[in-house]
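Only one structure is covered here, and it is reproduced in the block below.
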Amino acid sequence: MSDEINEPGRRERKLQQQRDHLADTAWELFETEGYDSVTMERIAAVADVAKGTLYKHFPVKEALLRHCFHRELREGEAEGRRVLLQLAPGRPRLQRFLQVSAAWSEPRRRYLLPYLMFRLGEPGRRDGRGERSGMEQIFTWLLADGQAAGCFRTDVAAPALAVYLEFLYVAAMLRWLTGAAASLTAEMDTMLDVFLGGVEVRP
C-alpha cells in the first residue's frame, strides 16, 4: 500500500529529473554552440533521448529556455525575499527587485527576446500551474506589503496592480532588447516612476 501511495510522487520526480536533464543539456549547447545554431535534434542526440521524448516535454527550444529561467527564479526566490525584507516596504523594495532583475537579465540578453516572444504567444493553462514565471506573485507580494504599510493606494487590489506592473515590466524589457533603451536598469527606474506617479500632470 505504501509503495502505491508513493508511486505518483516517485513518477513525478523522475519526470522532473528528465526535464531538468533535457533543459541542462540544451543550455550547455546554447552556450557553447549558439542558440540559433542548436536544433531540437541536436539536443535530443546529446541528451541521449529519442526526439519524441524531447518533444513530449518541450515542443520548441523556447520552452527549454522557459524551464531554465523559471527554475532559476524558483531557486532564488527565498534568498531574494530575505534581501528585500531588509528594505522598507513600498518603492525601495520594488526598485531593488527591478535592479536585481536587470542584473540577472544582462548576461542572458541574447536569450530573452525569443523567450519573451514565446511567453507572450503562449496559451495559458487552465489549471494555472507549471507555466508561470512567478513574477506576478512577487509583484503582488511587494505591492500588498506596500499597501499594508500605507505606501500604495488600496482602492485597487494588489493582484490587479501586479498585472499592470508586469506588463509595464515586459514593455521596459522589450525596449531594452530591441535597442530603444540603452540601460535596462535606467529603463526599469523610468518605468517604476511612471507606474507609481502616473503620467498626468497634477497641480
**Request:** Residue by residue through region 53-87, note down the ones that are touching a residue at least 40 places away in the same chain (Cβ under 8 Å) and not in a helix (DSSP H, G or I).
**Result:** 60
**Complete:** In the set 102, 50, 78, 45, the lone residue that is crowded, with 19+ Cβ neighbours inside 10 Å and among the small types (Gly, Ala, Ser) is 102
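Hey, can you tell me all the residues within region 30-52 that are touching a residue at least 24 places away in the same chain (Cβ under 8 Å) and assigned to a helix (DSSP H, G or I)? Reasoning before the result, please.
Our first condition is that a residue be touching a residue at least 24 places away in the same chain (Cβ under 8 Å); within region 30-52, this holds for 30, 35, 47, 49.
30, 47 - these are the residues of region 30-52 that are touching a residue at least 24 places away in the same chain (Cβ under 8 Å) and assigned to a helix (DSSP H, G or I).
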**Prompt:** In region 27-80, what count of residues is obtained for those that are acidic (Asp, Glu) and either farther than 15 Å from residue 104 by Cβ or modelled with pLDDT of 95 or more (or both)?
**Reply:** 7
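Could you look through region 10-26, keep only residues that are more than 15 Å from residue 111 (Cα to Cα) and touching a helix residue (DSSP H, G or I) at 6+ places or on another chain (Cβ under 9 Å), and pick out the one that is modelled with the lowest pLDDT?
Narrowing region 10-26 to residues more than 15 Å from residue 111 (Cα to Cα): 10-22, 25.
Now restrict to residues that are touching a helix residue (DSSP H, G or I) at 6+ places or on another chain (Cβ under 9 Å): 10, 15, 18-22, 25.
Details: 10: 87, 15: 91, 18: 95, 19: 96, 20: 97, 21: 97, 22: 98, 25: 98.
So, considering only residues that are more than 15 Å from residue 111 (Cα to Cα) and touching a helix residue (DSSP H, G or I) at 6+ places or on another chain (Cβ under 9 Å), the one modelled with the lowest pLDDT is 10.
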**Asked** residue 60 passes all but one of (1) among the aliphatic types (A, V, I, L, M); (2) open to solvent by less than 30 Å² (accessible area, probe 1.4 Å); (3) under 23 Å from residue 116 (Cβ atoms); which number fails?
**Response** (2)
**Message:** Looking only at residues that are among the basic types (Lys, Arg) and at pLDDT 95 or above in region 153-203, which one is most open to solvent (accessible area, probe 1.4 Å)?
**Reply:** 153
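The values are calculated or read from the model by the stated rules, or taken from the named source; none is laboratory data. Given the structure is predicted, the values throughout are model-derived calculations rather than measurements. Cβ: placed from backbone, ideal geometry, glycine included. Neighbour counts: every protein chain shown. The area values use the complete protein model at the heavy-atom level, side chains included, leaving out ligands, DNA and RNA. Shrake-Rupley method; radii C 1.70, N 1.55, O 1.52, S 1.80 Å.
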